[in-house]
Amino acid sequence: MTARPIFIGGTGSHVGKSWVAAAVCRYLLRMGLRVAPFKAQNMSNNSMVCAGGGEIGRAQAAQAEACGIAPHVDMNPILLKPTGNFGSQVVLNGHAWKNLTAREYYEHFEFLRDNVAQAYDRLVSNYDYVVVEGAGSITELNLRHCDLVNLGLAARIHAPCILVADIDRGGVFASIAGTFQLLEPEESNLVRTFMVNRFRGDVSLFRDGVGILEAKTGRRCLGVFPYAPDIRLDPEDSVSLDERPAPVDNAGGASQRIAIIRFPHISNFTDFRLLPEARYITQPVNEQFDVIFLPGTKNTIEDMQWLHSKGIADWLHRQYSDGATIVGVCGGFQMLGEVIIDPDQVESTAGTVRGLGFIRATTRLMPHKTTRLVAARTHSGIPFRGYEIHMGITTIDDAGRPFAHLEDGSRDGVRLPRIVGTYLHGAFENREVLEEVLPHRLAASVPEDPDRPYEQLADWFAEHVDRDLFAKEYLR
């Protein structure tokens, strides 16, 4: 059996394509269909490890959860992880391949296109539908000749397209009508409908707007979908932090003063999804915190240099002296040590950078990337699951307790008085593990059911979609 594709394209970046793709995935699953997600090329430093150790974008892992299946590397054959001056690390079929600039990347177009096709062909043999997500705008005219992920892909797999536009950003008429104006005839035939996303207020007030857009484009509107701030999905990349709601009070629990350092190359900040009250910090502030988290980073050396240059390194020591607990995850853990060395120039030409010196440890960055799922227990016995994604080995001289004991008998990280370090992403997505490093328990209102957002998304989509039109254009 070969699955039928549905392509989710956008008028631009951050219009809600990942959101809509996850909604369609769960909507189809509710219909009793076997469905899987697919994104040929994703650019994000938020990633997830699949069974077998392959790495894909966090958004595709979330969409797999919406489909009720385990994530697989075929769902995201190319993951671009920006590294700063070195361009991006290209993760191909789940494993680090090369560090390339944008120009170098497109020199490999035919090879990459073939890998995308092979991954898609493997995926479609097991499902009824594959929900395919594009990237950015479907009308990136300068990239049309080397399109791996948008309508070039949709044409190759004969996928009908839903065009998603975000009215909350403004300019929805120009973005929708302009997109159709820029399509080549063969591309235009693929784009069957459009949808207006993130509408605030009374949707009926936009009825005339729908009519205008349908007349301008010659396409029917699939629906006007309201802004839904109560539905929380893991963010795809750090741009979402700019749109993050203001920290909320920990209602129902004791007050927690929590900060997270927002590195320039921050990665996997989904580790902190249970901390909506946390404040992201990019410079020293005149406020004392109880706990400060140093998250993952795609460029440990450059972000460590940034900590020194911004005065945050000294500020962290003052915070620690005044009673704060400092917690480092992955790259943040490496920074807790005395020195980070990069003799193979994996991340930087700097070679060596001085760490924060909270623990007696040295990290050597290595060309080989560690990616694996793990089962572990904290030193106090709390079981949890996590995953490793890092390119370094940390040697610890301190005699403190490990952060966790892994099921293979090895130890992870370190725990000293008010200093905690771990390589394990996902550890603090476990409520009990997180509460071990916090001064107070989390509020009862903090969400824990991982399936609830997908059910909410499916309800949102089902309520506002033109079901007959959706069935006609995409299910027949």
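Here are the numbers:
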{"item": "The stretch 1-46 - accessible surface per residue (Å², probe 1.4 Å)", "result": "29 Å²"}
{"item": "Rel. contact order, % - alpha carbon contacts under 8 angstrom, at least six apart, the chain", "result": "15 percent"}
{"item": "Probe 1.4 Å, accessible area per residue of the stretch 333-476, Å²", "result": "47 Å²"}
{"item": "Local electrostatic count at G94 - Lys and Arg +1, Asp and Glu -1, tallied over other residues with Cβ under 15 Å", "result": "+4"}
{"item": "From phi via Karplus (6.51, -1.76, 1.60), per-residue ³J(HN,Hα) for the stretch 360-367 in Hz, x at Gly/Pro", "result": "7, 8, 10, 10, 10, 6, 10, x"}
{"item": "Amide H contacts under 5 Å for G328, placed H, 5+ residues apart", "result": "L294, V420, G421, T422"}
{"item": "Accessible carbon and sulfur surface of the stretch 408-476 relative to its total accessible area, %, 1.4 Å", "result": "44 percent"}
{"item": "Under 5 Å, built H, 5+ apart or other chain: amide partners of E55", "result": "C50, G94, H95"}
{"item": "Principal-axis tilt of helix 58-67 within the chain, Cα atoms, nearest 10 degrees", "result": "60 degrees"}
{"item": "Cα pair count fraction exceeding 16 Å, expressed as % - the stretch 374-426", "result": "37 percent"}
{"item": "Mean accessible surface per residue for the stretch 142-211, computed with a 1.4 Å probe while every protein chain stays in place, in Å²", "result": "46 Å²"}
{"item": "In order through the stretch 427-434: 3J(HN,Hα) via Karplus (6.51 cos²θ - 1.76 cosθ + 1.60), integer Hz, x for Gly, Pro", "result": "4, 8, 7, 8, 4, 5, 5, 4"}
{"item": "Using alpha carbons only: equivalent-ellipsoid semi-axes of the stretch 75-184, gyration tensor based, whole Å", "result": "25, 20, 13"}
{"item": "Rounded tilt (10° steps) of 17-30 against the dominant C-alpha axis of the chain", "result": "70 degrees"}
{"item": "GluC sites (Glu not before Pro) restricted to DSSP loop in the stretch 301-390 with at most 15 other C-beta within 10 Å", "result": "E338"}
{"item": "Fraction of accessible area attributable to carbon and sulfur, the stretch 64-197 (%, probe 1.4 Å)", "result": "50 percent"}
{"item": "Which listed pairs, of K216/K472; K17/K81; K98/K310; K39/K472, have C-alpha distances above 28 Å, in listed order", "result": "K98/K310"}
{"item": "Helical mean residue ellipticity (222 nm; -39500 (n - 2.57) per DSSP H run of 4+; nearest 500) of the chain", "result": "-8000 deg cm²/dmol"}
{"item": "Sequence-distant residues sharing a close amide H with F225 (under 5 Å, placed H)", "result": "V196, N197, R198, F199"}
{"item": "Whole-Å distance, taken between Cα centres, linking the stretch 133-195 and the stretch 96-132", "result": "19 Å"}
{"item": "Ratio of the Cα radius of gyration of the stretch 364-476 to 2.2 N^0.38 Å, where N counts its residues", "result": "1.56"}
{"item": "Point-to-point label distance, A375-N126, nm (Cα→Cβ direction, 7 Å offset)", "result": "2.1 nm"}
{"item": "Stretchable slack from R411 to A102, in nm (0.36 nm times residue separation minus alpha-carbon distance)", "result": "107.4 nm"}
{"item": "Computed label-point distance, nm, for sites D208 and L143 using a 7 Å Cα→Cβ extension", "result": "3.7 nm"}
{"item": "Förster radius 41 Å - calculated FRET efficiency between A117 and R360 (Cβ-Cβ, nearest 0.05)", "result": "0.25"}
{"item": "Accessible-area composition of the stretch 278-369, carbon plus sulfur, in percent [1.4 Å probe]", "result": "42 percent"}
{"item": "Percent of C-alpha pairs per 10 Å bin, the chain, short to long", "result": "4, 20, 29, 25, 16, 6, 1, 0"}
{"item": "Charge context of C161, other residues only, Cβ under 9 angstrom, K/R +1, D/E -1", "result": "0"}
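The values are calculated or read from the model by the stated rules, or taken from the named source; none is laboratory data. Keep in mind it's a predicted model, so treat the numbers as computed, not measured. Counting neighbours? That spans all protein chains shown, and the Cβs are built from the backbone with ideal geometry, glycine included. Calculation scope for accessible area: heavy atoms of the full protein, side chains included, ligands and nucleic acids excluded. Shrake-Rupley method; radii C 1.70, N 1.55, O 1.52, S 1.80 Å.
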